[in-house]
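What follows is calculated from the coordinates using simple rules that are stated; it is not laboratory data. A quick note: this is a predicted structure, and the numbers were derived from the prediction, not measured. For neighbour counting, all protein chains shown are included, and Cβ atoms are generated from backbone atoms with ideal geometry for every residue, glycine included.
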Amino acid sequence: MLPNLIAEITLDDLVLLNKFRIERLRSIFAECLLPCTMYVNSQNVLTINCPEPWIVSSLLINIEEFCDYVWLILGVKAISMYCDRQLTYVKVSN
């Protein structure tokens, strides 16, 4: 019989897991997301800050695919995308 391997997940574990999930998303959309800062806030919203307008344009071209990956990998309730501190896109999950 296997020993009981269930352990409590700590806050540090959750922070690390969230970081790995964001890095996984970044690796799939590397060309666009590498220069961006991303974080999931306490309301479970992914915020993406893009330094250049072309990045937002590039993401918007394939926004449905991008959103599908975000929902699958991060499981967030919504996405907000900013460029130069201006809100450029908001999407709430279904």
| query | Could you work out the helix-only [θ] at 222 nm for the chain, with each DSSP H run of four or more residues adding -39,500 (n - 2.57) and the total divided by the number of residues, to the nearest 500 deg cm²/dmol? | reply | -13500 deg cm²/dmol
| message | Rounded, prolate or oblate for the chain? Axes are the square roots of the Cα gyration tensor eigenvalues, ordered a ≥ b ≥ c, and the cut-off for rounded is a/c under 1.5. | response | prolate
| Helix 63-74: angle to the longest alpha-carbon principal axis of the chain, degrees 0 to 90, nearest 10? | 20
| query | Any idea what the dipole of the chain comes to, in debye rounded to 20, about its Cα centre with Lys/Arg Cβ at +1 and Asp/Glu Cβ at -1? | reply | 140
| field | Per-residue HN-Hα couplings for segment 44-55 [Karplus 6.51, -1.76, 1.60; θ = phi - 60°; Hz; x = Gly/Pro] | value | 6, 10, 7, 10, 10, 10, 9, x, 10, x, 5, 5
| For helix 11-28, what angle does its Cα long axis make with the longest principal axis of the chain, in degrees from 0 to 90 and rounded to 10? | 40
